[in-house]
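Undergrad: One structure, as structure tokens, below. Some questions next.
The values are calculated or read from the model by the stated rules, or taken from the named source; none is laboratory data. Remember, predicted model here, so these are calculated numbers, not experimental data. Backbone-built Cβ (ideal geometry, glycine too); neighbour counts: all protein chains shown. Only protein heavy atoms, including side chains, enter the accessible area calculation; ligands, DNA and RNA are left aside. Shrake-Rupley method; radii C 1.70, N 1.55, O 1.52, S 1.80 Å.
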Amino acid sequence: MLTLTGEKLYLRALEPEDLDFIYEIENDETIWEISATQTPYSRFLIKQYLENAHQDIYEAKQLRLVMVSNKKENIGLIDLFEFDPKNRRVGVGLLIAKKEFRYKGYGKEALQLVCKYAFKHLHVHQLYANIVEDNEASIKLFESLGFQQAGIKKDWTFVNGEFKSELLYQKLD
């Protein structure tokens, strides 16, 4: 799909072969803070998830895409979640799982592609993102693509013995 193809990467649907890649990401405790995960996932559960990943976004209310470099290497995930076709909005979040691909424009290109896809094919009026207040890299990324801070959820998450506020960012079509 041309909408999901960029210069450095392309976005594709999940495949059964992604089991090990998803397993590594979901069980990486260093990113549990951004995914609101608190327990590990078994291969069995992830396999079941992948078997149902074919569901339409209108049915599942979410869409997870794999970010793949032009060299065919899985580098991360980008998610559309809480899809609300009535109010024409959807949440967006991304993770560059492979550290060697961070801060090199892959996240920006993936976010540009998924925004274009959501506005053009899902006909949403707005995309939004929830970003923990100290995630400076994500704040910079989303702001660089026209997302604007719309609110603050004070003391929203409890991580490592302290509360952190979460920032709500929005981009309108």
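Undergrad: What is the residue count in region 85-125 for residues that are of a type outside the set (A, V, I, L, M, F, W, C), under 28 Å from ASP28 (Cα atoms) and open to solvent by 20 Å² or more (accessible area, probe 1.4 Å)? Spell out how you get there, then give the answer.
TA: Narrowing region 85-125 to residues of a type outside the set (A, V, I, L, M, F, W, C): 85-89, 91, 93, 98-100, 102-109, 112, 116-117, 120-121, 123, 125.
Then drop every residue that is not under 28 Å from ASP28 (Cα atoms), which leaves 91, 93, 98-100, 102-109, 112.
Keeping just the survivors that are open to solvent by 20 Å² or more (accessible area, probe 1.4 Å) gives 93, 98-100, 102-106, 108-109, 112.
Result for region 85-125: 12.
Undergrad: Check region 58-70 and report whether any residue there is at pLDDT 90 or above, open to solvent by 60 Å² or more (accessible area, probe 1.4 Å) and polar (S, T, N, Q). Give the steps one after another, and end with the answer.
TA: Residues of region 58-70 that are at pLDDT 90 or above, as a first pass: 61-70.
From the residues that got through so far, the ones that are open to solvent by 60 Å² or more (accessible area, probe 1.4 Å) too are 61-62, 70.
Going one step further and asking which of them are polar (S, T, N, Q), we end up with 62, 70.
Yes, region 58-70 contains at least one residue that is at pLDDT 90 or above, open to solvent by 60 Å² or more (accessible area, probe 1.4 Å) and polar (S, T, N, Q).
Undergrad: Also: Among THR30, THR3, THR39, which is of a type in the set (Ser, Thr, Tyr), more than 23 Å from ASN130 (Cα to Cα) and either open to solvent by 80 Å² or more (accessible area, probe 1.4 Å) or in contact with a His (Cβ under 9 Å, 6 or more places away or on another chain) (or both)?
TA: The match here is THR3.
Undergrad: Which residues, taken from region 138-169, are open to solvent by 60 Å² or more (accessible area, probe 1.4 Å) and of a type outside the set (Gly, Ala, Ser)?
TA: Those that are open to solvent by 60 Å² or more (accessible area, probe 1.4 Å) and of a type outside the set (Gly, Ala, Ser): LYS140, GLU143, GLN148, GLN149, ILE152, LYS154, ASP155, TRP156, PHE158, ASN160, GLU162, PHE163.
Undergrad: Then there's this: Do you know which residues across region 139-159 are in contact (Cβ under 8 Å) with a residue 24 or more places away in the chain and out of contact with any Asp or Glu (no Cβ under 7 Å at 6 or more places or on another chain)?
TA: ILE139, LEU141, PHE142, GLU143, SER144, LEU145, GLY146, PHE147
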